[in-house]
Amino acid sequence: MAQLHDDEADIGLRTVRALLDDQRPDLAGRPVVPLGEDSTGTDNVLYRLGNDLVVRLPRTPSAAASLVTETRLMPELVGRLPVDIPAPEYVGVPAAGYPHPWAVLPWLTGVDAWAARTALTGAQGLGLAEDLARLVTTLWQVPRAAYEGVVPTRALGRRGGGLAALDEDLEEWLDETGGLVDVDAVRGSWRESRAAADWDGRAVLSHGDLIPGNLLVHGGRLSAVIDWGGAGAGDPAIDLIPAWAVLDGPAAARFRDALGVDDDLWLRARGYAVQQALAGVVYYMPRRHPLAQVMGRTLASILS
């Protein structure tokens, strides 16, 4: 696997084999196939393990911390959500020169929403919007006792922790655009979102990264949601990002109607989407990573 980040660990096939030999010798004889040279994922490397499992290795220390959050949260959510989730089969420890925890997860049916994007229009897009609204509503209703102490409360300066603290971050990304984005248009959209009333309600559970690569679809409907390492408790607006990152105009309208959210929450959600998309374009475009295209489409959707 090609290196993507400066602080990336060795995530090659030899490492996977060594970890399995050391900690799961019962699985070591299975075929191991690398996945996703064209994947939009950036935090982890995946290897299919036989027909029904996948090995997930965090690339960086921050991704490793996210994996710990995910593997603690998944057992709490099993049976609560209207879609499949990657409840861990095994959580491994650092070994064989690999410095992070790692996991063996179930192979979930479906193709990610980026790969399926050309089909997710019309009736299929509207159906996906309804599925996403059902997912988000269910997350908002998960009792706090199920995730308190398991996921972090979204801090100021992080997506889902309020927009005001992201002003400086946004400007730093704008300073590095190098002509990749329409700076004036981004600032105009951001000003509109910043004019929305601040979130001051109850913290709710959110996935935090409902972008196309984390949504699996099967038969045109949402079948699974993966990569829960960014889960947290905070502003519910963070999980409305699919309105621009995944759905087209009519489907986004259906999504909003199904959720019944007000203008302030909708504008805050768009602000989180702007900040995420801008950062994704500026960071990943020079690295020639497919996520830059995903985030570029999101930004175009917002600015149009």
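Matching residues to (1) assigned to a loop (DSSP other than H, G, I, E, B); (2) in contact with a Ser or Thr (Cβ under 8 Å, 6 or more places away or on another chain); (3) surrounded by 19 or more Cβ atoms within 10 Å (Cβ to Cβ):
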site	(1), (2), (3)
ALA129	no, no, yes
LEU132	no, no, yes
LEU135	no, no, yes
THR138	no, no, no
ARG159	yes, no, yes
ALA165	no, no, no
LEU170	no, no, yes
GLY179	yes, no, no
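Applying the selection to the range 181-200, what residues are touching a helix residue (DSSP H, G or I) at 6+ places or on another chain (Cβ under 8 Å) and either part of a loop (DSSP other than H, G, I, E, B) or among the hydrophobic types (A, V, I, L, M, F, W, C) (or both)?
VAL181, ASP182, VAL183, ALA185, VAL186, TRP190, ALA195, ALA196, ALA197, ASP198, TRP199
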Pairs returned, first residue in the range 163-187 that is in contact (Cβ under 8 Å) with a residue 40 or more places away in the chain, second residue that is among the acidic types (Asp, Glu) and surrounded by 14 or more Cβ atoms within 10 Å (Cβ to Cβ), beta-carbon separation under 8 angstrom, 6 or more apart or interchain, are none
How many residues does the range 226-252 hold that are outside any loop (DSSP other than H, G, I, E, B) and either free of Cβ contacts under 8 Å to residues at least 40 places away in the same chain or under 18 Å from ALA116 (Cα atoms) (or both)?
8
Residue set LEU139, LEU205, LEU210; condition out of contact with any strand residue (DSSP E or B) (no Cβ under 7 Å at 6 or more places or on another chain) and touching a residue at least 60 places away in the same chain (Cβ under 8 Å); output residue LEU210
Only residues that are farther than 30 Å from ARG254 by Cβ, part of a loop (DSSP other than H, G, I, E, B) and more than 18 Å from the chain's Cα centre (by Cα): list them for the range 81-122, please.
GLU89, VAL93, PRO94, ALA96, GLY97, PRO99, HIS100, PRO101
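Coordinate-derived values only; no laboratory data. In this text, all values refer to a predicted model and were calculated from it rather than measured experimentally. For neighbour counting, all protein chains shown are included, and Cβ atoms are generated from backbone atoms with ideal geometry for every residue, glycine included.
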